[in-house]
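I have placed the structure first, in the form of structure tokens, so that the comments after it can refer back to it.
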Amino acid sequence: MSRLTGFIGDRIEVNSVLIVLCFVAVLILASQSAASYPSYFLALSMLLSVRAWNDVFRVGVFWLIATLLGYLALSSLWSSPFVWRDVFSTFARALLVWSFVVAFAECQQRGQLRQWLARALAVVGVLATVAAIVNFLITQPADGRLNGLGQLHTQVIAALVYGVVLIFALEIVASDRSRAWRSIAVIGVLVIAVAVMLSDSRNAWVSVTCGVAVFALAHQVQDRQRFVAAVATTLVCLAVVLLLLGSNESTRELVLPRGDSFRLAIWSSVTERVLAHGAVFGLGINSPDETIVDDMTFLHPHSMYLSALYQGGLVALIGLLALIGWVLAILLGNYHERDAKLALGILGIALPAYLLDGHELIDKVGSTWFLFWVPVAISVGLRWRQPRMDL
């Protein structure tokens with residue numbers, strides 16, 4: 001009873017459990033609203049305990065995160081059509097993301113969150129992936145591509161999130177002292193690799209490969225400068241191989257079996273709208289960003305960077321790029337830390353993937369939290385625990 005009382009009284013332990021529940025819910029619950037309930041309790045917990053963590057305000061990157069989230073939320077005020085309910089929803093989602101970043105960063109400093117989250121994702125991720133593969137084999141979808149279960153109802157998003165789970169599984173293989181958990185993680189790596197292949201998403205294939213390569217190099221190369229050089233060399237080699245395959249008519253279908261999936265036409269149309277109506281401040285985060293190409297409707301710009309430009313203009317895009325640069329600088333500055341290497345591996349998936357997909361930086365718990373806000377939160381945690389003079 002005393003242990004239970006101590007656990008309940010330890011808000012960081014409770015917050016850690018809520019964070020794990022947030023991510024597990026994404027993998028198994030089809031309803032985003034249902035999966036978001038743990039994040040509501042997490043936000044409430046953080047708001048009620050502000051005095052316990054308000055020293056995060058001395059962390060510089062925290063202010064950039066808050067500014068970017070706040071600005072994108074404010075852009076709902078000049079969105080068209082203007083709906084007060086949408087404005088409130090956007091600010092609420094921004095608060096959820098903000099509270100998650102701070103809570104994750106605080107829990108990370110305890111050290112147990114990475115282990116809890118990695119193990120939970122290894123188990124639930126493997127089960128969810130197996131279920132998705134079984135469903136794929138039974139239903140035999142017409143397009144021959146694997147969809148995820150839970151909220152991962154599109155091939156690309158499912159494969160990218162499974163890729164993040166794969167990085168956590170590799171972290172267990174590399175660092176966990178338990179042979180049983182390492183065995184589970186190895187099985188997870190194999191199962192998830194199969195699921196990513198069955199998604200038939202070239203974006204996911206390349207991005208997950210990049211993330212795994214970055215994670216592996218981070219654990220093999222001890223010197224930070226050599227790591228950066230190795231990653232740059234690997235990316236250049238991968239780009240050259242893809243260009244060679246794409247330039248040859250006999251191998252082009254291997255790289256682009258569906259052509260460019262109308263990406264160039266979508267990007268051209270979205271860019272024209274932004275330049276015509278809101279290059280500096282954007283059209284607003286709640287403005288419809290649907291694009292019609294050849295009588296087909298595409299629901300978003302299919303690029304996180306272009307979506308930031310559309311929603312918040314150059315101000316948002318520059319803010320996003322500045323945040324990415326600052327996060328990378330922090331992670332490389334703490335290169336010896338296992339958490340930093342984990343975050344680098346996840347960003348190795350997200351940054352190239354977001355060139356061709358993604359559209360919501362501010363959202364309830366979902367794929368963006370896996371791919372982007374986790375490494376951002378890790379960078380905040382790494383800076384937060386450093387001496388005041390270094391911040």
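Odds and ends about this structure:
- Segments 359-370, 341-352 sorted - mean Cβ within 10 Å per residue, highest first: 341-352, 359-370
- Estimated FRET transfer efficiency (Leu264, Arg179; beta-carbon r; R0 51 Å; 0.05): 0.55
- Accessible area expressed per residue, region 42-81, with surrounding protein chains retained (probe 1.4 Å, Å²): 46 Å²
- Portion, in percent, of the accessible area of the chain that falls on carbon or sulfur, probe 1.4 Å: 66 percent
- Shape class of region 1-112 from the alpha-carbon gyration tensor: oblate, with a/c at 1.5 or above and b/c at least as large as a/b.
- Using a simple spin-label model with pseudo-atoms 7 Å out from Cα toward Cβ, Glu337 and Arg51 lie 2.8 nm apart.
- Residues listed by number, region 269-294, amide nitrogen under 17 Å from Phe82 label point at 7 Å toward C-beta: 278, 281-288
- For region 332-380, the relative contact order is 49 percent, taking Cα pairs closer than 8 Å that sit 6 or more residues apart in sequence and dividing their mean separation by the residue count.
- Peptide packing: for 325-338, 150-163, the average count of neighbouring Cβ atoms within 10 Å per residue gives the ranking 150-163, 325-338, highest mean first.
- Volume of the Cα convex hull of region 325-391, divided per residue and given in Å³: 92 Å³
- Residues whose placed amide H lies under 5 Å from that of Leu146, excluding near-sequence neighbours: Ser199, Asp200
- Accessible area (Å², per residue) of region 292-367, counting only protein heavy atoms and a probe of 1.4 Å: 34 Å²
- Between Ile318 and Phe91, the FRET efficiency from the beta-carbon distance, with R0 = 22 Å, is close to 0.50.
- Protection-proxy order for peptides 373-381, 88-96, each taking the mean of Cβ atoms within 10 Å per residue, highest first: 373-381, 88-96
- Table column - 3J(HN,Hα) (Hz), region 57-70, Karplus curve with 6.51, -1.76, 1.60, x for Gly and Pro: 5, 8, 8, x, 5, 4, 5, 5, 4, 4, 5, 5, 4, x
- Prolate/oblate/rounded label for region 78-192 (Cα gyration tensor, a/c 1.5): oblate
- Virtual spin-label span in nm between Leu137 and Ala239, 7 Å along Cα→Cβ: 4.0 nm
- Amide proton proximity set for Phe298, modelled H, under 5 Å, gap of 5+: Thr291, Ile292, Val293
- Among (i) 28, 57, 15, 0; (ii) 29, 52, 18, 1; (iii) 27, 61, 12, 0, the entry derived from the coordinates for P(r) over Cα pairs in 20 Å bins from 0, in percent: (iii)
- Modelled label reach - Gln32, point 7 Å along Cα→Cβ, region 300-320 residues with backbone N closer than 20 Å: 300-313
- Entry note, the chain: relative contact order of 25 percent, from Cα contacts under 8 Å with a spacing of 6+ residues.
- Charge dipole magnitude, Cβ of K and R +1, D and E -1 - region 310-391, Cα centre, debye nearest 20: 280 debye
- Computed from backbone phi with θ = phi - 60° and the Karplus coefficients 6.51, -1.76 and 1.60, the 3J(HN,Hα) list for region 316-332 is 5, 5, 5, x, 5, 5, 5, 5, 4, x, 5, 4, 4, 4, 5, 5, 6 Hz; x is used for glycine and proline.
- Point-charge dipole on Cβ atoms (K/R +1, D/E -1) for the chain, about Cα centre, debye to 20: 1280 debye
- What the Cβ-Cβ distance of Ala193 and Arg110 gives, at R0 = 30 Å and to the nearest 0.05, is a FRET efficiency of 0.45.
- Solvent-accessible area per residue in region 106-248 equals 47 Å², computed with a 1.4 angstrom probe and all protein chains kept.
- Taking θ as phi - 60° and the Karplus parameters 6.51, -1.76 and 1.60, the scalar couplings of region 267-275 work out to 4, 5, 5, 5, 4, 4, 5, 5, 4 Hz in sequence order, x denoting glycine and proline.
- Distance from region 187-222 to region 37-109 (C-alpha centre basis), Å: 31 Å
The values are calculated or read from the model by the stated rules, or taken from the named source; none is laboratory data. This structure is a prediction, so every number in the text was calculated from the model and none was measured. When we count neighbours, we look across all protein chains shown, and the Cβ atoms used for this are built from the backbone with ideal geometry, even at glycine. Remember, those area values only see protein heavy atoms, side chains included, never the ligands or the DNA or RNA. Shrake-Rupley method; radii C 1.70, N 1.55, O 1.52, S 1.80 Å.
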